[in-house]
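Pasting a structure here, questions to come.
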Amino acid sequence: MDLYRFLGFRRHVLHVLCRSVNASHHHATPLPTFLIVTFLASIGTGIFWLGIPFIAESQYGISEAQNLMLSCAAGATYMAGAFVSGRVIRRIERRMSPRTLLTFVLSSCAVLCLVPLVVKTLASLVIVACSVSLLSSFLWPTMESFLTAGRHGPKMRSAIGWFNLVWTSAVVLAMFGLGPFMSTQPDTAIVLTGVLFVVATILLQRFPGTPPPHHASQTAVVPPIYPHLLRSARALLPLSYLLIAAMSPLLPYRMDALAIEESWRPPFAAIWMLARPCAMTALWLHGAWHGRWSPLIVASVMMMVGFALVVAGSTTAMLSIGLIVFGAGVGTIYYAALYYAMAVGSAAVDAGGTHEALIGFGYTIGPLGGLLGLLLADVSTTSRVVPTMSSEAWIVVVSFVLIGIGGMSAVMPFIRSRREDASVTAS
């Protein structure tokens, strides 16, 4: 507040604060303002999640294995933070409102973006990436709670639809914006990203202090099959991000092998990120998929086929098709997981925190699978026990084994649901 008084905006700020206090008790968070903050913050976090592998490879020349380790470290910090976000917020809410927490997170990200101006080393890049990853683990569960609290049924579906369209489009824009920096100083993009975090912090003050109450009356619009679908979608969500995390650090090297010009590599990688909001928009506009198993089944197949084409494809056309198919599959899984999580979880921070923690789990295990694939490829050249295959083929095999192991937890809710339907029909 002192800063705003100094700038002469006292009346405006007091008006906004009074309106926010009233909104916190009666109304959902204003959607237009929420979406603008989401857009700006998503560009920033998108640069760190999906752009860092390109920046690290181009500016510091690190290997595939090192890039995978960097992604693993960022994923682990995100997972750890998201799992405890709900408990931490509840402990500090007497001293700090959720909006104040968001202000701290976004302003801290802005400060971290200035580090490349002072220190241009790989170690500093790793520290900044992991720090922003940890801060993001508190950002998005809280934002998702502000989004869905006070909204039910069609209104919740519409709000989630806009949210998914905005943040996925922002990530696409981030990757296209990164392209021009690749031939000069790639980490300059990180510095400019800090400006977006600052603007997002200012707009954040139009949020209510806390998310509005999410009354228990919403149980009337939650069908019995939703908890089963939620468990299945939550099992598939980390698996989808496992594949994203295994694929993203390898894309710069796959494009190098296909002789794709360096400045075009981030925009080319954005093909799957563009396919993702297209799939999400289709789900948003057509609510007939609610309560059905077929979208999750089809999406699972699409993401695995797309991943195999991306990692092991031998032509640019195969890479492009793989990115499109992969993006549509993971987009469907993400949308379903978030929708069922917030519908069943009463829009609480814990619901969003669990959702984001599962994403972090996938971001951690995926690079580990990629590292194991690289290790097996090296071992296969000297061992008679391990089949001789390329590193790309081994990464596909290891990733699919992990998918198979984790996929059992996605299949069990489907089996239980069918048994319950059969017992109801018999009775």
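For residues that are closer than 13 Å to Phe34 by Cβ and surrounded by fewer than 22 Cβ atoms within 10 Å (Cβ to Cβ), scanning just region 148-158, find the one that is modelled with the highest pLDDT.
Among residues in region 148-158 that are closer than 13 Å to Phe34 by Cβ and surrounded by fewer than 22 Cβ atoms within 10 Å (Cβ to Cβ), the one modelled with the highest pLDDT is Ser158.
Please pick out the residue among Ile271, Ile260, Ile244 that is in contact with a helix residue (DSSP H, G or I) (Cβ under 7 Å, 6 or more places away or on another chain), modelled with pLDDT of 85 or more, of a type in the set (A, V, I, L, M, F, W, C) and open to solvent by 40 Å² or more (accessible area, probe 1.4 Å).
Testing whether each residue is in contact with a helix residue (DSSP H, G or I) (Cβ under 7 Å, 6 or more places away or on another chain), modelled with pLDDT of 85 or more, of a type in the set (A, V, I, L, M, F, W, C) and open to solvent by 40 Å² or more (accessible area, probe 1.4 Å) leaves just Ile271.
For region 174-225, give me each residue that is modelled with pLDDT under 80, of a type outside the set (Val, Ile, Thr) and open to solvent by 50 Å² or more (accessible area, probe 1.4 Å).
Within region 174-225, Ser183, Pro213, His215, Ala216, Ser217, Ala220 qualify.
Right, another one. Of everything in region 248-272, what is closer than 23 Å to Gln66 by Cβ and either in contact with a Lys or Arg (Cβ under 9 Å, 6 or more places away or on another chain) or β-branched (Val, Ile, Thr) (or both)? Give them in sequence order.
Answer for region 248-272, where residues must be closer than 23 Å to Gln66 by Cβ and either in contact with a Lys or Arg (Cβ under 9 Å, 6 or more places away or on another chain) or β-branched (Val, Ile, Thr) (or both): Leu251, Pro252, Met255, Asp256, Ile260.
For (1) open to solvent by less than 30 Å² (accessible area, probe 1.4 Å); (2) within 30 Å of Gln185 (Cα to Cα); (3) touching a Pro at 6+ places or on another chain (Cβ under 8 Å), each residue gets a yes or a no:
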site: Gly86; (1), (2), (3): yes, no, yes
site: Arg90; (1), (2), (3): no, no, no
site: Pro98; (1), (2), (3): yes, no, yes
site: Ser108; (1), (2), (3): yes, yes, no
site: Cys113; (1), (2), (3): yes, yes, no
site: Leu117; (1), (2), (3): no, yes, no
site: Thr121; (1), (2), (3): no, yes, no
site: Leu125; (1), (2), (3): yes, yes, yes
site: Ala129; (1), (2), (3): yes, yes, no
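Please tell me if Arg254 is part of a helix (DSSP H, G or I), of a type outside the set (A, V, I, L, M), more than 16 Å from Phe176 (Cβ to Cβ) and within 18 Å of the chain's Cα centre (by Cα).
no
So, Arg292, is that one of a type in the set (Lys, Arg) and either open to solvent by less than 50 Å² (accessible area, probe 1.4 Å) or assigned to a helix (DSSP H, G or I) (or both) or not?
no
Now for a separate question. Out of region 335-355, which residues are at pLDDT 60 or above, within 23 Å of Ala245 (Cα to Cα) and open to solvent by less than 10 Å² (accessible area, probe 1.4 Å)?
Tyr335, Ala336, Ala337, Leu338, Ala341, Gly353, His355
The values are calculated or read from the model by the stated rules, or taken from the named source; none is laboratory data. This is a predicted model, so every value here is computed, not measured. With ideal geometry, Cβ positions are generated from the backbone for all residues, glycine too; neighbour counts draw on all protein chains shown. Ligands, DNA and RNA are excluded from the accessible area calculation, which covers all protein heavy atoms including side chains. Shrake-Rupley method; radii C 1.70, N 1.55, O 1.52, S 1.80 Å.
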